[in-house]
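Here's the structure we're looking at; comments come further down.
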Amino acid sequence: MDDKYTFKQRLLLLVASLAGPLLIRLYGATWRVRWDGVDTLARAREIKGKVLFCFWHSRLLGLCYTHRGRNIGIMVSKSFDGEWITRIVTQLGYRTFRGSASRNGAAALVTMLRDQNSGDLALTVDGPRGPARKVKPGAVTLAAHTGLPVVPITYVPSSAWRLNSWDKFLLPKPFSVVTVRYGAPIAVPLDADIAQYSALIEQCINGIG
């Protein structure tokens, strides 16, 4: 697999694999993590035992730390960026499916459908390239065909930096309070209207912060 990358890219992948998981653990360990909506999540699990977490790309790093070690399945793009992300998150206890909403997404969704019994699933519903805070159709399709309830999720830091990226990526400052919030579950029927339910998921994620 590494043969398709340049020497510089291979070096970056090696550094990401070795240092990435450790740095995330050390960085996240400085936060004071609080949880809001845990009872709501427990009720959502009563539906099928597992859930489909949906969140904005800007919250990826914080949620990657707070939900590490839970065997959650996530979609990661087939790009070079997706490769180093995969090498990091697998060491943090995630399952990965390679694809995106713009490329190879259908194949990744099929794999996620087949693998739903292995644990919870999660999607950055506006990733990997935006537009920011606009839900792409894959979330509705996946929820409808798995029957898993959609659980909106976010986190709200007491203090943070925002990167000048398309999604205004959020980086909680060290020693800040990070409050993880779960929203009410959304049941998506098999014949769901894609636009209608995408708008509903968008509204619910924004509603929790």
**Message:** Quick test of your reading of the structure: Thr96 fulfils all but one of (1) free of Cβ contacts under 8 Å to residues at least 24 places away in the same chain; (2) closer than 14 Å to Asp120 by Cβ; (3) surrounded by fewer than 15 Cβ atoms within 10 Å (Cβ to Cβ). Name the failing condition by number.
**Reply:** (3)
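Kindly indicate whether Val188 is among the aliphatic types (A, V, I, L, M), in a loop (DSSP other than H, G, I, E, B) and at pLDDT 95 or above.
Criteria met by Val188.
Give Ala132, Ala106, Ala122 a once-over and let me know the one that is at pLDDT below 95 and either in a strand (DSSP E or B) or not hydroxyl-bearing (Ser, Thr, Tyr) (or both).
Working: Ala132 fails: at pLDDT below 95; Ala122 fails: at pLDDT below 95.
Residue meeting the stated conditions: Ala106.
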**Asked** Within the set of pairs 6+ apart or on separate chains, which have a first residue in the stretch 196-209 that is over 11 Å from Val125 (Cα atoms), a second that is surrounded by 15 or more Cβ atoms within 10 Å (Cβ to Cβ) and among the charged types (D, E, K, R), and C-beta atoms under 6 Å apart?
**Response** Ile208/Arg181; Gly209/Arg181
**Complete:** Across the stretch 144-183, the tally of residues that are farther than 19 Å from Pro131 by Cα and part of a strand (DSSP E or B) stands at 15
**Request:** Look at the stretch 1-54 and say how many of its residues are at pLDDT below 95, in contact with an Asp or Glu (Cβ under 7 Å, 6 or more places away or on another chain) and buried (at least 16 other Cβ atoms within 10 Å of the Cβ).
**Result:** 1
**Prompt:** When only residues in the stretch 67-89 that are touching a helix residue (DSSP H, G or I) at 6+ places or on another chain (Cβ under 9 Å) and in a helix (DSSP H, G or I) count, which is surrounded by the fewest Cβ atoms within 10 Å (Cβ to Cβ)?
**Reply:** Phe80
**Message:** Can you tell me which condition Thr96 does not meet? The list is (1) closer than 27 Å to Pro189 by Cβ; (2) outside any helix (DSSP H, G or I), and all the others hold.
**Reply:** (1)
**Message:** Quick check on the stretch 74-88. Is at least one of its residues touching a Ser or Thr at 6+ places or on another chain (Cβ under 8 Å) and closer than 19 Å to Ile201 by Cβ?
**Reply:** yes
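Test Leu142 against the stated conditions and say whether it is in contact with a helix residue (DSSP H, G or I) (Cβ under 9 Å, 6 or more places away or on another chain), among the aliphatic types (A, V, I, L, M), over 20 Å from Asp39 (Cα atoms) and in contact (Cβ under 8 Å) with a residue 12 or more places away in the chain.
Details: in contact with a helix residue (DSSP H, G or I) (Cβ under 9 Å, 6 or more places away or on another chain): yes; among the aliphatic types (A, V, I, L, M): yes; over 20 Å from Asp39 (Cα atoms): yes; in contact (Cβ under 8 Å) with a residue 12 or more places away in the chain: yes.
So Leu142 fits the description; yes.
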**Request:** Starting from the stretch 8-19, keep only residues that are within 12 Å of Arg87 (Cβ to Cβ), then list their pairs with residues that are among the aromatic types (Phe, Trp, Tyr) and not in a helix (DSSP H, G or I) whose Cβ atoms are within a distance under 9 Å, requiring at least 6 positions of separation or different chains.
**Result:** Leu12/Tyr5; Leu13/Tyr5
**Criterion violated by Leu190 - all others in (1) in contact (Cβ under 8 Å) with a residue 12 or more places away in the chain; (2) more than 21 Å from His67 (Cβ to Cβ); (3) surrounded by 14 or more Cβ atoms within 10 Å (Cβ to Cβ) satisfied** = (3)
**Subset of the stretch 49-59 (residues that are under 22 Å from Leu113 (Cα atoms) and either aliphatic (A, V, I, L, M) or in contact (Cβ under 8 Å) with a residue 40 or more places away in the chain (or both))** = Lys50, Val51, Leu52, Phe53, Cys54, Phe55, Trp56, His57
**Message:** If the requirement is being surrounded by 16 or more Cβ atoms within 10 Å (Cβ to Cβ) and under 17 Å from the mean Cα position of the chain (by Cα), which of these qualifies: Pro131, Pro172?
**Reply:** Pro172
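The values are calculated or read from the model by the stated rules, or taken from the named source; none is laboratory data. Because the structure is a prediction, the values reported are computed rather than measured. With ideal geometry, Cβ positions are generated from the backbone for all residues, glycine too; neighbour counts draw on all protein chains shown.
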